[in-house]
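J.: Pasting in a structure now, in C-alpha cells, and then I'll have a few things to ask.
The values are calculated or read from the model by the stated rules, or taken from the named source; none is laboratory data. Source: prediction; values computed, not measured. Backbone-built Cβ (ideal geometry, glycine too); neighbour counts: all protein chains shown.
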Amino acid sequence: MHGSKSARVLVPGPLHEKALQRIDQNFAMVRQEAWRGQLLPADIAASIRGICAIIPINADMMDAFPNLEIIAHFGVGYDSVDVGHAASRGIMVTHTPGVLTEDVADIAIGLLINAVRELPRAERWLRDGQWASQGAYPLTKRTLQGRRAGIFGMGRVGLAVAQRLKAFGISIAYHNRNRVEGVDYSFYPTLIGLAEAVDTLISVAPSTAATARVIDAKVFDALGPNGIFINIGRGKTVDQNDLIKALQNGVIAAAGLDVFAEEPNLPQALLDLPTATLLPHVGSATENSRQAMADLCVDNLLSWFAEGRAVTAVPETAHIKAAAARPSGEPH
Ligand code: 8YV
C-alpha cells in the first residue's frame with residue numbers, strides 16, 4: 001500500500017526511527033521533534049490531516065488542526081489522547097494492540113519472580129561481595145508455589161499473563177469491567193472481592209476515569225500481609241501514597257512495578273523501599289515489539305489515507321468513517 005504524498009502528517013516529539021522513515025516516504029511529513037505545543041503557521045496547521053505520536057494529545061492540540069482526520073498513537077494504552085474529544089470531532093484514533101502482548105506479559109512474570117524471590121536484592125548481595133564475605137543470601141520468606149493470583153484487566157495482555165501463570169501451577173481469578181466470554185478463570189465483579197480472594201494482585205488495567213486510583217488502601221488491606229502487588233498497566237490506577245504506606249507498614253509483603261503515577265518521576269519513599277522492585281516502564285521495550293508498534297502505527301495511516309479505514313481503531317472511534325468513504329451528507 002502506498003500513501004498519499006499530498007497528505008500532511010505531523011510528527012510531534014520523539015518517535016521510533018522506522019516509523020519516521022515510512023511516514024517520510026509515504027506522506028508529506030511535518031517533523032516537530034522539540035514539540036512544546038507551539039503554534040504552526042495557519043496554512044500549515046490547516047493542511048495537517050494526520051498526527052503520529054507517542055506524546056499526549058489533548059483537545060486544545062487537536063483543535064489547533066481544523067482538518068485533522070486521524071491520530072495514530074504509538075502504544076496500546078491511549079489514556080494520553082483525549083478520545084472523547086476526538087470522537088466528537090469525527091477524528092479517528094488508532095493504537096497498537098496485539099504486537100506487544102507477549103513482551104509485556106513477560107515483564108509481569110519477571111516482576112513477580114523478582115518480588116517473591118527477591119532476585120534484585122540477591123544479585124546486589126553477590127555484586128557487593130556479601131556472598132564471599134558473609135555467605136549465602138538469606139532464604140526468602142515467600143515462594144511462588146501455592147500462590148493465588150488475581151488479574152485486574154483481562155484483555156489481551158491479561159490473558160497472556162494468565163497463560164504464563166498457569167504454567168507455574170498458580171491459581172487464577174480475575175476482575176474486569178465485564179466477564180470475558182470463553183474464559184473460565186473465576187470472575188469477581190468487584191476489585192475488592194478479587195483482592196480478598198487472592199494473595200497476588202496483578203494489574204494490567206488501563207487508565208480511565210473509572211480506574212483512577214482504584215487500587216488503594218482498602219485493596220491492599222484485603223490482599224493481606226502475604227500479598228504481592230504487580231503493576232504493568234498504568235500507574236494512575238494506583239493510589240501511590242497508599243501503596244507506599246502499605247509496603248512501609250507490612251500491610252502487603254512486596255510489589256513489582258513497571259508503571260508509576262507521574263512517570264518518569266518516583267517519590268523517594270518508593271525508591272527507598274527494599275520490598276519494591278522497580279522498572280522504568282520497559283514492558284514493550286524490545287526492538288521487536290517497538291518495531292512492530294512502529295509498523296502498525298504507520299499501517300493505520302496508510303490504510304486510512306488509501307482506503308478510508310483504520311487497521312486498529314480504538315473502540316471509542318471505531319465507528320468513524322473517512323470523509324472520502326462517507327456518502328455525501330452522512331455525518332462521521
Ligand atoms: C508505551 C505502553 O506506550 O503501549 C503502551 O500502552 O505502555 C508502552 O508500550 C511505550 O512505552 C511507548 O512509550
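J.: Please work out if I113 is away from the ligand (no atom under 16 Å from the Cβ), under 24 Å from the mean Cα position of the chain (by Cα) and part of a strand (DSSP E or B).
T.: When the stated conditions are applied, I113 does not pass them.
J.: Identify the single condition in (1) away from the ligand (no atom under 16 Å from the Cβ); (2) touching a residue at least 60 places away in the same chain (Cβ under 8 Å); (3) within 30 Å of T140 (Cα to Cα) that L302 does not satisfy, given that it satisfies every other one.
T.: Among (1) away from the ligand (no atom under 16 Å from the Cβ); (2) touching a residue at least 60 places away in the same chain (Cβ under 8 Å); (3) within 30 Å of T140 (Cα to Cα), L302 violates only (3).
J.: Further question: Within region 305-329, restricting attention to residues that are of a type in the set (A, V, I, L, M) and touching a residue at least 24 places away in the same chain (Cβ under 8 Å), which residue is farthest from the ligand (Cβ to nearest atom)?
T.: A323
Condition check ((1) touching a strand residue (DSSP E or B) at 6+ places or on another chain (Cβ under 6 Å); (2) assigned to a loop (DSSP other than H, G, I, E, B)) across all residues:
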{"site": "E102", "(1), (2)": "no, no"}
{"site": "A162", "(1), (2)": "yes, no"}
{"site": "R177", "(1), (2)": "no, yes"}
{"site": "V183", "(1), (2)": "no, yes"}
{"site": "P206", "(1), (2)": "no, yes"}
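J.: Oh, and also: State which residue is nearest to I109 (Cα to Cα) when the search covers only region 123-173 and only residues that are basic (K, R) and in contact with a helix residue (DSSP H, G or I) (Cβ under 9 Å, 6 or more places away or on another chain).
T.: Checked region 123-173; the qualifying residue nearest to I109 (Cα to Cα) is R164.
J.: Sort through L194, L223 and tell me the only one that's closer than 28 Å to E262 by Cα and more than 22 Å from the chain's Cα centre (by Cα).
T.: Selected residue: L223, the only one of L194, L223 that is closer than 28 Å to E262 by Cα and more than 22 Å from the chain's Cα centre (by Cα).
J.: Does region 72-84 hold any residues that are more than 10 Å from the ligand (Cβ to nearest atom) and under 22 Å from F305 (Cβ atoms), and which are they?
T.: Within region 72-84, A72, V81, V83 meet the criteria.
J.: Cβ-Cβ below 6 Å, separation at least six or inter-chain, first residue in region 151-177 and closer than 15 Å to D199 by Cβ and in contact (Cβ under 8 Å) with a residue 24 or more places away in the chain, second surrounded by fewer than 20 Cβ atoms within 10 Å (Cβ to Cβ) and of a type in the set (A, V, I, L, M, F, W, C): which pairs?
T.: Every condition considered, the pairs that remain are F168/L144; A173/A197.
J.: Could you check F65 against (1) touching a helix residue (DSSP H, G or I) at 6+ places or on another chain (Cβ under 8 Å); (2) without any contact (Cβ under 8 Å) to a residue 24 or more places away in the chain and say which number it fails?
T.: Of the numbered conditions (1) touching a helix residue (DSSP H, G or I) at 6+ places or on another chain (Cβ under 8 Å); (2) without any contact (Cβ under 8 Å) to a residue 24 or more places away in the chain, the odd one out for F65 is (2).
J.: When you look at T140, is it modelled with pLDDT of 95 or more, part of a loop (DSSP other than H, G, I, E, B), of a type outside the set (F, W, Y) and within 16 Å of the ligand (Cβ to nearest atom), yes or no?
T.: So T140 fails the test.
J.: Which one of these does R290 not meet: (1) within 14 Å of the ligand (Cβ to nearest atom); (2) surrounded by fewer than 19 Cβ atoms within 10 Å (Cβ to Cβ)?
T.: (2)
J.: Pick out, from region 213-278, the helices (runs of 4 or more DSSP H) lying fully within it that include 2 or more residues that are away from the ligand (no atom under 16 Å from the Cβ) and buried (at least 17 other Cβ atoms within 10 Å of the Cβ).
T.: Where helices (runs of 4 or more DSSP H) fall fully within region 213-278 and carry at least 2 residues being away from the ligand (no atom under 16 Å from the Cβ) and buried (at least 17 other Cβ atoms within 10 Å of the Cβ), they are 217-223, 240-248.
J.: Which numbered condition in (1) touching a residue at least 60 places away in the same chain (Cβ under 8 Å); (2) within 26 Å of I151 (Cβ to Cβ); (3) buried (at least 19 other Cβ atoms within 10 Å of the Cβ) is the only one that I109 fails?
T.: Checking I109 against (1) touching a residue at least 60 places away in the same chain (Cβ under 8 Å); (2) within 26 Å of I151 (Cβ to Cβ); (3) buried (at least 19 other Cβ atoms within 10 Å of the Cβ), the one that fails is (1).
J.: With respect to A149, is the statement that it is within 17 Å of V204 (Cα to Cα), in a strand (DSSP E or B) and not acidic (D, E) true?
T.: Judged against the criteria, A149 is a match.
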